[in-house]
Amino acid sequence: MLGLIFIYFLDRAYLRLAEEHNKIKWLWAVLSVVFYYVLTFIAGFFIALLAPYSVLSNDFLISIIGVAIGVGGSIGIYKLLQHIWDKSVSLSIPDEAILDNEI
């Protein structure tokens, strides 16, 4: 249940980011949920591999770790996309500057 709250806020952040950079909003909204669940699945897979050898026998603790990795990874992907898209916007030359140079 806690994960659904985080998914909602991640989805809103990805929607806002896509809107600011003129990307397809619904695609990035869906991808934000996919990122979260894939990262949570990968975390659960590695925890399951390591659980017999560690003290991670508490199901609540395992759930919290999975949610934390899913949210943290999704935020990391968000920041990476934000950096890449901001960089591409700053490198593009506006059309007005090209027209002014030709006169």
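A few notes on this one:
- FRET efficiency, 1/(1 + (r/R0)^6) with R0 22 Å, evaluated for PHE46 and LYS25 via beta carbons: 0.10
- Expressed as a whole percent, the accessible area of region 4-67 that falls on carbon and sulfur atoms is 74 (1.4 Å probe).
- The slack in the chain from TRP85 to ASP59, taken as 0.36 nm per residue of separation less the alpha-carbon distance, amounts to 5.5 nm.
- Take region 1-89 with all the other protein chains still there, run a 1.4 Å probe, and you get 69 Å² of accessible area per residue.
The values are calculated or read from the model by the stated rules, or taken from the named source; none is laboratory data. Here the structure is a predicted model, which is why all the values come from computation and not from measurement. Because the Cβ atoms are built from the backbone with ideal geometry, glycine has one as well, and the counts that use them run over all protein chains shown. Side chains included, ligands, DNA and RNA excluded: accessible areas come from the protein's heavy atoms. Shrake-Rupley method; radii C 1.70, N 1.55, O 1.52, S 1.80 Å.
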